[in-house]
Amino acid sequence: MNTPAQDPRHAQGDLFESGARFSIDTSFETARRFALDDHSWIEIVPGWMSGASLLYEQMRSRVPWLEHDRRLFNRVFREPRMTATYPDLADVPEQGLLQAVRALSSHYGVTYDGLWMNLYRNGQDSTGWHRDHRSCRKSECIVPVLTLGTTRRFLIRPIKGGSSMTFKPSSGDLVVMGGRSQQDWVHCVPKEPGIAGARISVNFMSTAQGVRDRP
Ligand SMILES: O=C(O)CCC(=O)C(=O)O
């Protein structure tokens, strides 16, 4: 059986300093798609990236993470996570992220050309129910989110209310929201106070998906 590094379905990766291999499953072999409703879906790709801990370590120390104040219902609050963005892929220093961009663009037929990244320092950090307005202003989009580091819960539920589905993406796993999941559904990463480790999530953004449909 081929190891991920030998397998032609895996993009050949960088040999990081530690000697461990980095690779991406360009065949998306483990992908499982769940219909949320007739027009919306979510896809989970476990183990999509091998050697994800190396990318996590690089990003943790090199990405210029910042805290931000957000305004919500006329109140300003400190967002309980750190964020960073690379609106231009030319500024991305991590080759592993650029490989991920290429693999996702090719597989989903969407030109991903920017990154939005979150650092959840521990289980006290979180993000509430929301849609990804930054990543999707069209009626239908495909928005991939890569997890690096600690496993956290990822919930999605109908925007009008109702029960949620829970996923637990681990390091190297992809969660991909498609169809009308950014219009008719909301998602969140809730607090998990017992968790000490940090998680990075990488949202792959596309300028083409960030503009509204013509009326
Ligand atoms: O961290 C995640 O998995 C989701 C992040 C997200 O939805 C966002 O930053 O808008």
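Here, each number is a calculation from the coordinates, and none is a lab measurement. Keep in mind the model is a prediction, meaning the values are calculated, not measured. All Cβ positions, glycine included, derive from the backbone under ideal geometry; neighbour counts span all protein chains shown.
Structure notes:
- For a straight C-alpha distance cut-off of 18 angstrom, the lysines reachable from residue 191 (same-chain residues fewer than eight places away being disregarded) are 168.
- Peptides 79-86, 187-194 ranked from most to least packed, by the mean per-residue count of other Cβ atoms within 10 Å: 79-86, 187-194.
- Note: relative contact order over the chain, using C-alpha pairs below 8 Å and six or more positions apart, is 24 percent.
- Of 156, 42, 196, farthest towards positive along the dipole that unit charges on Lys, Arg, Asp, Glu beta carbons give the chain: 156
- Cys residues of the chain that find no other Cys beta carbon under 4.7 Å: 188.
- Helical contribution to [θ] at 222 nm, DSSP H n ≥ 4, -39,500 (n - 2.57), averaged over the chain, rounded to 500: -3500 deg cm²/dmol
- Centroid-to-centroid separation of the stretch 42-72 and the stretch 109-170 [C-alpha atoms, Å]: 12 Å
- Whether the stretch 68-185 is rounded, prolate or oblate, judged on the alpha carbon gyration tensor where a/c under 1.5 counts as rounded: rounded
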